Structures are given as structure tokens and as C-alpha cells.
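All remarks here apply to the structure that follows.
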Amino acid sequence: MNGTRVLSVASEIFPLIKTGGLADVAGALPGALAAENISVRTLVPGYPAITHALDHASAVYDFPDLFGGRARLLAAQARGLDLFVLDAPHLYDRPGNPYLDPNGKDWADNAFRYAALAKVAAELARGLLDVYRPAILHLHDWQAGLAPVYLHFAEGPRPRTVMTIHNLAYQGQFSADLLPKLGLPAQAYGVDGIEYYGTISYLKGGLQFADRITTVSPTYADEICTPEFGMGLDGLLRRRLSSLCGILNGIDEAEWNPASDPHLAGHYGRNNPDGRVLNRFELQQRLGLDLDPDAMLLGVVSRLTWQKGLDMLQAALPPLMGQGFQLALLGAGDQQLESGFSELVRRHPGRIAAVIGYDEGLAHLIQAGCDALVVPSRFEPCGLTQLYALRYGAVPVVARVGGLADTVIDANEMALANGSATGLQFAPVTTERLSGALRRARILHRDKSAWKTLQSNGMATDVSWRRPARRYASLYRDATAQR
């Protein structure tokens with residue numbers, strides 16, 4: 001598969017713009033695939049954060065009218081990434097979050113903003129540029145989901161298509177009245193098309209018409225084929241089971257490296273972990289926590305949403321406060337959860353600290369300074385924070401769902417005996433089981449030898465993109481071989 005071209009299509013890409021794990025995957029996977037002799041160029045929207053960061057950009061195509069305005073396709077590089085940028089100011093030249101207006105509501109024209117991205121992806125796939133024709137079109141989440149639909153209803157040759165689900169809960173649902181304005185024929189609207197309970201779903205379109213479907217962990221691939229986790233698409237996914245697989249995410253080991261991380265007070269590694277003490281002290285001091293060397297310091301870096309299970313953590317914490325715990329939390333989201341953690345800070349000064357918002361440097365410091373990172377998600381396609389935790393020697397305490405189940409080995413009696421444990425899991429996902437897992441972690445934490453083994457095992461775990469890149473390369477080969 002020498003020099004295979006892959007056109008990746010994503011609505012965000014790290015380090016240029018990020019709201020979640022999708023950006024990390026879109027930013028890191030191209031570099032990892034280069035080792036597999038696969039050349040990736042990524043098509044992204046021309047948000048200000050992206051257009052202002054471009055190097056060596058050149059216009060390669062003009063669109064006189066792309067969903068209500070002129071647009072250009074730019075070929076560019078930025079931060080080591082090869083990009084196509086859809087420069088459409090009427091769609092993307094807006095401040096702040098790429099999906100939300102200043103009031104925190106979805107932009108009213110999101111249907112057209114991401115239809116444009118998908119439409120241009122489909123045109124590139126069909127040979128819009130004489131000098132560029134990809135063998136694979138790799139589409140990420142609902143924002144790119146219409147591309148296989150446009151290809152399905154177009155004539156002529158096309159590359160194979162891969163649709164990756166990063167979170168099935170976000171599906172890109174819009175009014176069915178928009179169908180003709182999107183440039184799609186009436187037959188696209190149906191149970192075997194993009195119709196979804198009286199609306200249209202961009203993600204359903206991608207899942208319906210892509211050649212292959214992936215999601216970001218094997219367990220999540222199984223879960224989404226059930227009514228409990230399938231978000232109304234489990235029937236479609238069961239029908240497409242032979243085309244579905246789960247490939248775990250990795251992390252950028254250069255960006256997340258405790259031996260060189262510029263955000264840390266002390267650098268360290270698996271063989272010299274003493275620097276964690278400096279980071280623990282810095283974290284406690286920065287957040288106003290008691291400088292208690294015996295406390296078990298829990299960390300949370302998360303969106304504050306129902307999915308992430310942080311309401312259960314709020315309920316579990318008060319009874320545990322007399323048992324030597326501290327908490328350092330960084331996150332934002334649901335206002336009720338934000339208020340709840342602020343109230344816990346008021347009631348437990350020196351023991352609980354909560355920073356509402358996001359701070360990249362503090363996120364790194366929490367990983368390096370906490371004893372255990374808590375991830376009590378009700379569902380989790382893959383999760384990246386537990387991978388960062390493993391890399392940084394913070395023992396993950398996680399719900400046994402999705403990618404959390406696939407990446408953390410529970411410290412049960414057998415795993416402790418054979419020395420394979422890397423963290424703690426709990427199931428079912430309830431407040432009571434979370435509380436039990438935290439108490440179990442506290443007992444292990446008092447056993448310094450056992451805890452150091454958990455930390456060392458975690459830091460020895462391969463959380464890089466090397467294995468996932470090989471899996472994607474194999475998937476591309478299989479897809480192109482089956483014309």
C-alpha cells in the first residue's frame with residue numbers, strides 16, 4: 001500500500017482548535033500513519049483559529065456559491081499538519097466555540113456549515129483537483145457524515161469510505177425540510193437513508209452509506225449495537241456488524257510526556273518517579289488544598305455532564321471526606337454540576353478544590369500530581385484522560401464501560417497477585433459502586449508497595465498511536481482490496 005493517500009475530514013484538529021477527543025485523534029493519527037507509509041491530508045473548516053495559524057497556504061479551488069456565499073479551498077500546512085482548509089467566511093468566520101454561538105446555543109446554520117464540509121469532501125474524493133485523488137476518505141463524527149451520502153447519490157468512481165464514531169450521542173439532527181436545500185434527492189429521506197424519527201441525521205447517513213465503520217474502542221463497538229447504548233441506531237449498526245470494528249485511540253506521547261512536560265513542577269519517569277512529589281505539592285499549593293502528605297489526592301479533568309457521571313461523584317464525596325481524601329477538579333459544563341462542586345468547595349475548604357473552566361497546563365499538572373484519576377462515566381467511547389493518567393502514574397479509577405474497560409486492568413485479587421493491575425474498575429455504574437471503588441483505592445494507597453506497582457504498571461502501558469495506526473492501516477488495505 002505504498003504512498004496511499006487518505007483524506008481525513010474533521011471539524012476540529014489539535015493543536016489548532018479543540019473541544020474534545022476528536023481533535024486529538026485528528027491531530028495525532030496522521031503522524032502515526034506516516035510510519036505505515038500512508039499519507040494523510042485533513043480537510044477542516046476555516047475557523048479563525050485555523051486560518052490564522054496557516055503556513056504556506058495557497059488557493060486551489062474557488063466555489064462561487066457554497067451554501068449561500070463564496071468560498072475557497074486552501075492547501076496549507078500548520079504545526080506539521082497537511083491540510084485542506086475550507087475558507088468560507090460566511091460559514092466559519094466566527095469567534096469562540098466552533099459549534100456554539102456566544103449564548104451557548106448551536107449556531108442556527110450548523111446544518112449548512114457541516115453540509116458544506118461534507119460536500120467539499122465528497123467533491124475532493126471524486127477528483128475535484130487533478131493533482132489529488134485519495135484512495136480512502138476517512139470521516140470523523142456527524143459533522144462529516146453527509147459525505148458518504150453525497151457520494152452515494154453521485155455518479156462516477158469514488159474512493160472507499162471509512163466512518164468513525166467518536167460519540168454516538170451526537171448525531172447532527174436537523175429538520176427534514178432542509179433536504180432539498182442540502183442538495184440531496186428526495187429518495188435520500190427514508191428508513192434506509194438519512195431519516196431519523198422524523199428528522200434527518202447526518203451521522204446516520206454516514207453509517208448507512210460508508211464502506212466501513214469504526215469506533216474508538218472494541219467494547220464501545222459492542223455496546224452501541226444494544227438498545228441501552230445504541231441511541232436509536234443500534235438496529236442499523238447490527239445490520240452493518242460485518243463492517244464495524246473498534247480501534248482504541250492512542251495519545252501523543254510527545255505532548256504528554258512527564259519527563260519533559262513544560263507544565264510540570266518536576267519531571268519524572270517510570271524509573272525515577274520521585275518528581276511526582278513536587279507536582280503533588282505544587283497542585284495542592286496552587287489550588288489551596290491542605291499540604292497533607294498522607295491524603296489520597298483524587299483528580300478529575302472532565303466535561304461536567306451527565307454522561308461523565310460527575311453527579312455520582314458529588315454524591316459520593318461528602319461521606320468520604322473524613323477518610324483522608326482530597327479532590328482537585330478541573331472542568332466545565334452543566335451549570336447545576338458546576339454549582340454543586342462550588343458548594344462542596346465551600347463546605348470542605350482545604351480538602352476539595354474545583355476550577356470551573358479549562359486550563360491545559362493545569363490539566364497536565366493534575367495528572368502529574370494526583371494519586372488517582374477518577375473517571376465515573378456512564379458511557380465512554382474511548383476516553384483519553386485515563387490514558388494520560390496511565391502515562392503520568394496517576395492510578396485510574398474508572399467505570400467498566402467502553403474504552404475505560406479496554407484500557408484499565410482492574411486491581412482484583414488475581415491481577416494484584418500476578419502483577420498486571422493498572423487501576424480500578426467498578427460496575428454497575430452507580431454512586432454506591434463508585435464509593436466502593438474509592439474506598440478500595442484508599443486501602444491500596446496505604447500499601448505503598450502495592451500502589452507503586454500500580455503506578456509502574458500504568459506507566460509501562462503502551463498508550464501510543466503505534467498499534468492503533470497499524471490497525472487503521474490494515475483496515476484501509478482491506479477496504480481498498482474489496483472493490
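Only Cα pairs under 8 Å and 6+ residues apart enter the sum, and on that basis the relative contact order of the stretch 270-349 stands at 34 percent.
Overall size of the stretch 1-141 from C-alpha positions, given as principal axis extents largest first: 47, 32, 27 Å. Karplus-based coupling profile of the stretch 59-67, in residue order and whole Hz: 6, 10, 6, 10, 10, x, 8, 10, 6, with θ = phi - 60° in 6.51 cos²θ - 1.76 cosθ + 1.60 and x standing for Gly or Pro.
Over all pairs of different C-alpha atoms in the stretch 275-460, the reciprocal of the mean inverse distance, the Kirkwood hydrodynamic radius, equals 16.0 Å. Using a cutoff of 8 angstrom between alpha carbon atoms and counting only pairs six or more residues apart, the relative contact order for the stretch 275-460 works out to 21 percent.
When its C-alpha radius of gyration is set against 2.2 N^0.38 Å (N residues), the stretch 378-436 gives a value of 1.07.
Calculated FRET efficiency, Asp62 to Asp462, Cβ-Cβ distance, R0 = 45 Å: about 0.50 to the nearest 0.05. From helices alone, the chain scores -10500 deg cm²/dmol at 222 nm; the rule is -39500 (n - 2.57) for each run of n ≥ 4 DSSP H residues, then divide by the residue total.
At what distance in angstrom do the alpha carbon centres of the stretch 381-440 and the stretch 64-87 lie from each other? Each part's Cα centre sits 42 Å from the other's. Reported to the nearest whole Å, the Cα centre-to-centre distance from the stretch 309-371 to the stretch 155-221 is 38. Here the stretch 122-139 is scanned for amide nitrogen atoms under 15 Å from the site 7 Å beyond the Cα of Ser243 along Cα-to-Cβ, giving 137-139. Beyond 26 Å between alpha-carbons counts as too far, so tell me which of Lys119/Lys308; Lys18/Lys308; Lys18/Lys452 fall in that bin. As for pairs spanning more than 26 Å Cα to Cα, those are Lys119/Lys308; Lys18/Lys452. Between the Cα long axis of helix 110-125 and the first principal axis of the chain there is an angle of about 70°, rounded to the nearest 10. Based on the Stokes-Einstein relation at 10 °C and a viscosity of 1.306 mPa s, and on the Kirkwood radius from alpha carbon pairs, the chain is assigned a translational diffusion coefficient of 68 µm²/s. In this simple spin-label model, placing a label point 7 Å from the Cα along the Cα-to-Cβ direction at both Ala176 and Ile443 gives a separation of 5.6 nm. Computed from the C-beta positions of Arg94 and Ala417, the FRET efficiency with R₀ = 41 Å rounds to 0.15.
What's the angle, to the nearest 10 degrees (0 to 90), between helix 431-446's Cα axis and the longest principal axis of the chain? Helix 431-446 and the main axis of the chain meet at about 50 degrees.
Since every read-out is calculated from the coordinates, none of them should be taken as a lab result. All of these numbers come straight from a predicted model, not from anything done at the bench. In this analysis, Cβ positions are derived from the backbone assuming ideal geometry, glycine residues included, and neighbour counts consider all displayed protein chains.
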